[in-house]
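To keep things clear, I will list the structure first and then write my remarks on it.
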Amino acid sequence: MLLLQPERAKSLVMFRDHTLTAAQARGQARGYAGAMFPWESDPQNGTEQTPHFASVLGEREIHVNADVAIAQWQYYLATQDRTWLKTYGWPVIRDVARFWTSRATFVPEHNRYEILHVTSVNEAYSDVANDTFTNVSAARALEIATRAATLLGYRPDSRWINIAQHMYVPTGG
(Lines give C-alpha, C1' and ligand atoms only; values in the text may rest on other atoms or scores of the structure.)
Protein backbone atom coordinates (compact mmCIF):
# COMPACT_ATOMS: atom_id res chain seq x y z
CA MET A 1 0.00 0.00 0.00
CA LEU A 2 2.80 2.42 0.88
CA LEU A 3 4.40 2.35 -2.54
CA LEU A 4 1.20 2.37 -4.57
CA GLN A 5 -1.04 4.59 -2.44
CA PRO A 6 1.03 6.44 0.19
CA GLU A 7 -1.89 8.73 1.05
CA ARG A 8 -3.81 5.69 2.29
CA ALA A 9 -0.82 4.37 4.18
CA LYS A 10 -0.51 7.66 6.04
CA SER A 11 -3.30 6.74 8.47
CA LEU A 12 -1.29 3.71 9.56
CA VAL A 13 1.79 5.70 10.52
CA MET A 14 -0.29 8.51 11.99
CA PHE A 15 -1.88 5.97 14.35
CA ARG A 16 1.49 5.69 16.10
CA ASP A 17 1.73 9.45 16.55
CA HIS A 18 -1.82 9.39 17.95
CA THR A 19 -0.87 6.68 20.47
CA LEU A 20 2.63 7.92 21.34
CA THR A 21 1.63 9.30 24.75
CA ALA A 22 0.17 5.92 25.78
CA ALA A 23 3.32 4.14 24.56
CA GLN A 24 5.49 6.55 26.56
CA ALA A 25 3.43 5.91 29.69
CA ARG A 26 3.63 2.15 29.09
CA GLY A 27 7.41 2.26 28.82
CA GLN A 28 7.77 4.47 31.88
CA ALA A 29 5.55 2.13 33.93
CA ARG A 30 8.01 -0.67 33.14
CA GLY A 31 11.11 1.38 33.90
CA TYR A 32 12.10 2.12 30.30
CA ALA A 33 12.75 5.39 28.56
CA GLY A 34 10.95 6.39 25.39
CA ALA A 35 7.93 4.61 23.99
CA MET A 36 6.97 0.95 24.37
CA PHE A 37 4.16 0.33 21.91
CA PRO A 38 1.68 -2.42 22.73
CA TRP A 39 1.63 -5.75 20.95
CA GLU A 40 -2.15 -5.31 20.54
CA SER A 41 -3.31 -1.73 20.80
CA ASP A 42 -6.66 -0.10 21.50
CA PRO A 43 -7.42 2.00 18.40
CA GLN A 44 -8.86 4.83 20.49
CA ASN A 45 -6.27 5.36 23.18
CA GLY A 46 -3.28 3.14 22.34
CA THR A 47 -3.36 1.06 25.52
CA GLU A 48 -2.38 -2.62 25.57
CA GLN A 49 -5.32 -4.89 24.75
CA THR A 50 -3.70 -8.31 24.63
CA PRO A 51 -6.09 -10.92 26.10
CA HIS A 52 -5.14 -12.15 29.56
CA PHE A 53 -4.32 -15.67 28.34
CA ALA A 54 -1.63 -14.19 26.07
CA SER A 55 -0.41 -11.44 28.39
CA VAL A 56 3.20 -12.66 28.29
CA LEU A 57 3.19 -11.83 24.57
CA GLY A 58 2.12 -8.27 25.31
CA GLU A 59 5.10 -7.88 27.61
CA ARG A 60 7.78 -9.72 25.67
CA GLU A 61 6.92 -9.59 21.97
CA ILE A 62 8.59 -6.22 21.81
CA HIS A 63 9.91 -6.38 18.26
CA VAL A 64 6.78 -4.40 17.40
CA ASN A 65 8.58 -1.29 18.68
CA ALA A 66 11.24 -1.58 16.01
CA ASP A 67 8.56 -2.29 13.41
CA VAL A 68 6.86 0.99 14.36
CA ALA A 69 10.02 3.06 13.83
CA ILE A 70 10.87 1.28 10.59
CA ALA A 71 7.36 1.97 9.26
CA GLN A 72 7.72 5.68 10.06
CA TRP A 73 10.99 5.84 8.15
CA GLN A 74 9.63 3.87 5.20
CA TYR A 75 6.74 6.31 4.94
CA TYR A 76 9.19 9.20 4.86
CA LEU A 77 11.34 7.47 2.22
CA ALA A 78 8.28 6.86 0.03
CA THR A 79 6.89 10.39 0.33
CA GLN A 80 10.00 12.51 1.01
CA ASP A 81 7.70 14.63 3.20
CA ARG A 82 10.25 16.19 5.54
CA THR A 83 7.60 18.32 7.26
CA TRP A 84 5.65 15.15 8.13
CA LEU A 85 8.85 13.48 9.33
CA LYS A 86 9.77 16.36 11.62
CA THR A 87 6.27 16.81 13.03
CA TYR A 88 4.98 13.24 13.30
CA GLY A 89 7.51 10.58 12.34
CA TRP A 90 10.52 11.88 14.23
CA PRO A 91 8.91 11.94 17.70
CA VAL A 92 7.90 8.29 17.26
CA ILE A 93 11.28 7.22 15.83
CA ARG A 94 13.16 9.12 18.56
CA ASP A 95 11.14 7.59 21.39
CA VAL A 96 11.46 4.08 19.98
CA ALA A 97 15.24 4.62 19.89
CA ARG A 98 15.12 5.80 23.49
CA PHE A 99 13.22 2.62 24.38
CA TRP A 100 15.83 0.36 22.76
CA THR A 101 18.63 2.33 24.42
CA SER A 102 17.10 1.60 27.81
CA ARG A 103 16.09 -1.98 26.94
CA ALA A 104 19.36 -3.31 25.49
CA THR A 105 21.90 -4.71 27.94
CA PHE A 106 25.62 -4.20 27.50
CA VAL A 107 27.64 -7.37 28.14
CA PRO A 108 31.22 -6.19 28.78
CA GLU A 109 32.88 -9.59 28.54
CA HIS A 110 31.64 -9.87 24.92
CA ASN A 111 31.70 -6.12 24.12
CA ARG A 112 28.18 -6.30 22.77
CA TYR A 113 24.58 -5.40 23.46
CA GLU A 114 21.94 -8.05 24.01
CA ILE A 115 18.18 -7.98 24.36
CA LEU A 116 17.00 -10.44 26.97
CA HIS A 117 13.62 -11.87 27.95
CA VAL A 118 11.71 -11.52 24.70
CA THR A 119 9.19 -13.58 22.78
CA SER A 120 10.29 -14.43 19.29
CA VAL A 121 8.18 -13.69 16.23
CA ASN A 122 7.73 -17.46 16.38
CA GLU A 123 5.65 -17.21 19.53
CA ALA A 124 6.49 -20.73 20.62
CA TYR A 125 9.79 -19.28 21.82
CA SER A 126 9.12 -17.14 24.87
CA ASP A 127 11.52 -15.61 27.37
CA VAL A 128 14.49 -16.00 25.06
CA ALA A 129 17.70 -14.03 24.93
CA ASN A 130 18.79 -12.49 21.66
CA ASP A 131 16.05 -13.35 19.23
CA THR A 132 17.56 -12.67 15.82
CA PHE A 133 14.57 -10.74 14.43
CA THR A 134 14.23 -8.61 17.56
CA ASN A 135 17.92 -7.75 17.75
CA VAL A 136 18.29 -6.97 14.03
CA SER A 137 15.11 -4.87 14.04
CA ALA A 138 16.16 -2.96 17.15
CA ALA A 139 19.55 -2.19 15.61
CA ARG A 140 17.84 -1.02 12.43
CA ALA A 141 15.50 1.25 14.39
CA LEU A 142 18.52 2.80 16.13
CA GLU A 143 20.25 3.35 12.79
CA ILE A 144 17.07 4.97 11.45
CA ALA A 145 16.88 7.28 14.46
CA THR A 146 20.46 8.36 13.83
CA ARG A 147 19.74 9.05 10.15
CA ALA A 148 16.48 10.87 10.86
CA ALA A 149 18.06 13.08 13.52
CA THR A 150 20.89 14.01 11.20
CA LEU A 151 18.53 14.70 8.30
CA LEU A 152 16.42 16.99 10.46
CA GLY A 153 19.39 18.86 11.91
CA TYR A 154 19.24 17.31 15.38
CA ARG A 155 22.15 15.77 17.21
CA PRO A 156 21.56 12.02 17.45
CA ASP A 157 22.21 10.28 20.74
CA SER A 158 25.69 8.75 20.34
CA ARG A 159 24.48 5.62 22.10
CA TRP A 160 22.09 4.81 19.23
CA ILE A 161 24.73 4.03 16.65
CA ASN A 162 27.01 2.45 19.24
CA ILE A 163 24.29 0.03 20.33
CA ALA A 164 23.30 -0.69 16.73
CA GLN A 165 26.90 -1.45 15.75
CA HIS A 166 27.49 -3.66 18.78
CA MET A 167 24.14 -5.49 18.84
CA TYR A 168 24.59 -9.23 19.06
CA VAL A 169 22.92 -11.01 16.18
CA PRO A 170 22.71 -14.77 16.55
CA THR A 171 23.16 -16.56 13.26
CA GLY A 172 22.04 -20.03 14.22
CA GLY A 173 24.22 -22.97 14.37
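The values are calculated or read from the model by the stated rules, or taken from the named source; none is laboratory data. All values derive from a computational prediction rather than experimental measurement. Positions of Cβ are generated from backbone atoms using ideal geometry, with glycine treated the same way; all protein chains shown enter the neighbour counts. Heads up: the accessible areas ignore ligands, DNA and RNA and are worked out on the full protein's heavy atoms, side chains in. Shrake-Rupley method; radii C 1.70, N 1.55, O 1.52, S 1.80 Å.
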When all Cα-Cα pair distances of segment 105-164 are considered, the percent exceeding 13 Å is 65
quick shape note, segment 74-173: Cα extents on principal axes in Å, largest first -> 43, 30, 21
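Which is the longest part of the chain that has none of the GluC sites (Glu not before Pro) sitting in a DSSP loop with at most 16 other Cβ atoms within 10 Å?
Working: sites that count: E40, E123.
The answer is 41-122.
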Quick calc, segment 1-88, dipole around Cα centre from Cβ unit charges on Lys, Arg (+) and Asp, Glu (-), nearest 20 debye, gives 260
Contour minus Cα-Cα span, T83 to T171, at 0.36 nm per residue, comes to 27.8 nm
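In terms of solvent-accessible area of protein heavy atoms at a 1.4 angstrom probe, what is the ranking of F133, F99, F53, F15, highest value first?
On the way: F133 90, F99 0, F53 180, F15 55 Å².
The most accessible residue leads, giving F53, F133, F15, F99.
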Comparing L57, L12, L142 in a Gaussian network model of the chain (Cα, 10 Å), the one with the largest mean-square fluctuation is L12
Given a 1.4 Å probe, the accessible area of segment 94-148 per residue, as a whole number of Å², is 43
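How large a share of the accessible area of the chain, in percent, is made up of carbon and sulfur atoms when the probe is 1.4 Å and the other protein chains stay in place? Don't jump to the answer; show the numbers that get you there.
Working: 4600 of 8910 Å².
Carbon-and-sulfur percentage of accessible area, whole number: 52.
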For S126, placing the label point 7 angstrom along Cα-to-beta-carbon and taking segment 31-61, residues whose amide nitrogen sits under 12 Å are 51-61
For T171, T101, T150, the accessible-area ranking with a 1.4 Å probe, largest leading, is T171, T150, T101
Among T119, L20, S137, the residue whose Cα sits farthest towards the positive end of the charge dipole of segment 1-147 (+1 at Cβ of Lys and Arg, -1 at Cβ of Asp and Glu, taken about the Cα centre) is L20
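Charges at C-beta only: +1 for Lys and Arg, -1 for Asp and Glu. How large is the resulting dipole of the chain about its Cα centre, in Debye rounded to 20? List each step's numbers first, then the result.
Working: 16 positive and 17 negative charges, 138 e Å.
Using Cβ point charges on Lys, Arg, Asp and Glu, the chain gives about 660 debye.
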Binned at 5 Å starting from 0, the alpha-carbon pair-distance distribution of the chain in whole percents comes out as 1, 9, 18, 21, 21, 16, 10, 4, 1, 0
